[in-house]
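Quick notes on the structure that follows.
The values are calculated or read from the model by the stated rules, or taken from the named source; none is laboratory data. Bear in mind that the values here come from a model prediction, so they are computed numbers and not experimental data. Ideal geometry is used to build each Cβ from the backbone, glycine not excepted, and the neighbour counts take in all protein chains shown.
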């Protein structure tokens, strides 16, 4: 964290983001809020996808459970405090992430992704059919959250600063994590799981912890969502959002933390802008994604890094983009070695 | 007469479906010695290693390390007990730098490992990693991506990773495979230096007979999963069953 706090780009970005609502009207401030929320979601996913090499196709469930935590607190318990919502979210999402990761980490690569997807879809269906939670309509018309008793976060600008603060805290925490002892092991797992095991690391436990941390950050993004939108619906738990989160990470550049934040913002703006003029906006989104994957394998962050001629520190617990699930399947040295003997 | 046995296998067997990859292998490795396992392709050597290191559970039999039954213990726990291995196909962290590779291995034995504070602490193991790499003549390539090293250098790095976990028993699966003759000599020389200095026990799979005969205290010969001979290099070399296995007596 000290390294991050000393770096000028961090302060430049934080200052720039802090100034943004001063030059934007309410419409755009709301859009920036959405950008930041999805930026947090994508950054959370990046810990699992970019740094650990495990692609989750179920991050919408963490996000959605976070959103429902806040919504339920406000609607049913009349507790508007964001802190209480975050605490409830941490318990709910943490417990759920532990269960998912316990089962999903028994498998690798595409099967890991499928297991996370299946669990998330189950959660989605449960909320979709549970009348207590508003079933398919979700929980609508929520009061604003508060950060102190009697201080409602009720204007776009206030919401923006709360979300920005959450983003910066999550980013600092994540940047400490990926450079830590633990973060180095995650990079090792991404690069070569079997080697990591034979160095004495309980790979499955590391993956589970990575999954829980990743889920909690996604949960923070989710818990903030009703503060902006005033609702929580089952759509927030759906696989489409999980897929979009993956797209955001890839757009921005996996394994960079900053990249996925950029990716989340870029994706949100792209969808907003194109969908206002064209109903089939996802065609445009798809084309952009294809172009990024083909021509910018390191995503937007790679592009920015090249422009600013900032050479990324090699590896530093995983700046480089992993091949993710594909790499997982490619290397299964145990099986290969076994077959040869 | 055998003194201190560090590793012992009793009746160790492993089936893959109907195939018996390993059958009733009894082996005793005395501490501080070099023990080689040889045999033609498909003899079960790597399977033997994989069963000893917990990658596969044995179908039958026991593995005993320092008097403790470690049969069926998973690889990460086996590593903690003091067994490390290198792989037949080099296993390194290709996209990380050479230094990062060994740092990851070195930090495995720090008290932080597995503790909550490892989530934020970043212990400095640079010096230890650099020392080890220097010994294996990789100190000029610390910031190179591991995947960019030459084949021989990657093999050395793999050995560094194993050594960084401070094992008492090191299993080397064809450490000199694909190396040039001069690299092979260098590798053997360096490995033996480390082994002597650390009092390390080596269990070695090797195809290069000059290596096997040069450094082994004892040699076990596997053929079609069975132990067909064991003894000093000279005894094994003179054993007609071994000659037959290598020249192809079956069928």
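Below, the figures for the structure above:
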quantity	calculated
Residues being farther than 16 Å from residue A:216 by Cα and part of a helix (DSSP H, G or I) - total across region A:171-186	7
Of all residues in region A:1-12 being touching a residue at least 60 places away in the same chain (Cβ under 8 Å) and out of contact with any helix residue (DSSP H, G or I) (no Cβ under 6 Å at 6 or more places or on another chain), the one that is nearest to the other protein chains (Cβ to nearest Cβ)	A:3
Qualifying residue in region B:58-68 (condition: within 7 Å of chain A (Cβ to nearest Cβ), over 21 Å from residue B:224 (Cβ atoms) and part of a strand (DSSP E or B))	no
Which listed residue, of A:225, A:206, A:201, is touching a strand residue (DSSP E or B) at 6+ places or on another chain (Cβ under 9 Å) and either within 14 Å of chain B (Cβ to nearest Cβ) or part of a helix (DSSP H, G or I) (or both)	A:225
Test: residue in region B:137-147 that is buried (at least 17 other Cβ atoms within 10 Å of the Cβ) and in contact (Cβ under 8 Å) with a residue 60 or more places away in the chain	no
Scope region B:78-89; condition in a helix (DSSP H, G or I) and facing another protein chain (nearest Cβ under 8 Å); matching residues	B:79, B:80
Any hit, region B:215-222, residues being within 24 Å of residue A:195 (Cα to Cα), touching a residue at least 12 places away in the same chain (Cβ under 8 Å), within 16 Å of the chain's Cα centre (by Cα) and surrounded by 13 or more Cβ atoms within 10 Å (Cβ to Cβ)	no
Residue in region A:205-226 that is surrounded by fewer than 18 Cβ atoms within 10 Å (Cβ to Cβ), farther than 16 Å from residue A:69 by Cβ and under 21 Å from the mean Cα position of the chain (by Cα) present	yes
Total residues in region B:168-194, condition under 26 Å from residue B:75 (Cα atoms) and buried (at least 19 other Cβ atoms within 10 Å of the Cβ)	11
Filtered residue count, region A:88-117, keeping only those that are assigned to a helix (DSSP H, G or I), touching a helix residue (DSSP H, G or I) at 6+ places or on another chain (Cβ under 9 Å) and free of Cβ contacts under 8 Å to residues at least 12 places away in the same chain	2
Some residue of region B:175-191 being away from chain A (no Cβ under 14 Å), modelled with pLDDT of 90 or more, touching a strand residue (DSSP E or B) at 6+ places or on another chain (Cβ under 9 Å) and closer than 25 Å to residue B:4 by Cα	yes
Residue that is assigned to a loop (DSSP other than H, G, I, E, B), surrounded by fewer than 16 Cβ atoms within 10 Å (Cβ to Cβ) and either on the phi > 0 side of the Ramachandran plot or modelled with pLDDT under 85 (or both), where the choices are A:310, A:306	A:310
Residue under evaluation residue B:35, criteria (1) part of a strand (DSSP E or B); (2) closer than 23 Å to residue B:89 by Cα; (3) in contact with a helix residue (DSSP H, G or I) (Cβ under 8 Å, 6 or more places away or on another chain), criterion not met	(3)
Condition check for residue B:157: in contact (Cβ under 8 Å) with a residue 60 or more places away in the chain, more than 10 Å from chain A (Cβ to nearest Cβ) and within 14 Å of residue A:200 (Cβ to Cβ)	no
Candidates A:171, A:160 - the one that is within 30 Å of residue B:111 (Cα to Cα), crowded, with 19+ Cβ neighbours inside 10 Å and away from chain B (no Cβ under 14 Å)	A:171
Evaluation of residue B:132 against (1) closer than 30 Å to residue A:254 by Cβ; (2) more than 8 Å from every other protein chain (Cβ to nearest Cβ) (one fails), failing number	(1)
Lone qualifier among A:185, A:176, A:151 - being closer than 25 Å to residue A:5 by Cβ and more than 20 Å from the chain's Cα centre (by Cα)	A:185
Candidate set from region B:13-28 (those that are within 18 Å of the chain's Cα centre (by Cα) and buried (at least 24 other Cβ atoms within 10 Å of the Cβ)); member that is farthest from the other protein chains (Cβ to nearest Cβ)	B:25
Which numbered condition residue B:92 fails, given (1) more than 20 Å from residue B:172 (Cα to Cα); (2) assigned to a loop (DSSP other than H, G, I, E, B); (3) at the interface with chain A (Cβ under 7 Å from one of its Cβ atoms)	(1)
